1. Only one residue in Ser15, Ser40 is small (Gly, Ala, Ser) and at pLDDT 90 or above. Which one?
2. Looking only at the stretch 71-93, how many residues end up being free of Cβ contacts under 8 Å to residues at least 40 places away in the same chain and within 12 Å of the chain's Cα centre (by Cα)?
3. Which of the residues spanning the stretch 53-70 are free of Cβ contacts under 8 Å to residues at least 24 places away in the same chain and more than 12 Å from Thr32 (Cα to Cα)?
4. Being in contact with a Gly (Cβ under 8 Å, 6 or more places away or on another chain) and not in a loop (DSSP other than H, G, I, E, B) is the filter; apply it to the stretch 34-93 and report the residue that is surrounded by the most Cβ atoms within 10 Å (Cβ to Cβ).
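The values are calculated or read from the model by the stated rules, or taken from the named source; none is laboratory data. Because the structure is a prediction, the values reported are computed rather than measured. Cβ coordinates were reconstructed from backbone atoms using ideal geometry, including for glycine residues, and neighbour counts include every protein chain displayed.
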Amino acid sequence: MGRRDHGRVHPRPLSIRHANPFTDWGEAWGPTAAPGLVLSPTDDPFGDDLQSREVAAMLGASHELIPEAGHWWPFEAPERAATLLRTFFSSID
């Protein structure tokens with residue numbers, strides 16, 4: 001199965017190794033007093049929505065999807081990303 005990028009389909013490389021926060025970054029993660037936001041672009045070949053949700057839950061952070069955006073989401077979906085970031089920042093006391 002490939003990934004969608006502006007109407008084109010690219011094969012997903014077989015050699016991609018997703019980072020695993022549970023093994024790569026230690027088990028000491030936990031909720032923090034600081035507000036947090038985990039952004040998950042839906043078309044990122046390096047991303048994993050379930051894992052990003054788990055990381056957000058571990059940190060006590062919010063989780064938001066960026067639809068139809070890949071690994072370079074700041075360039076692919078700047079308006080959507082800016083809206084999510086503005087909403088998050090405005091929610092901080």
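1. Exactly one residue qualifies, and that residue is Ser40.
2. Number of matching residues: 4.
3. Listed by number, the list holds a single entry, Arg53.
4. This residue is Pro41.
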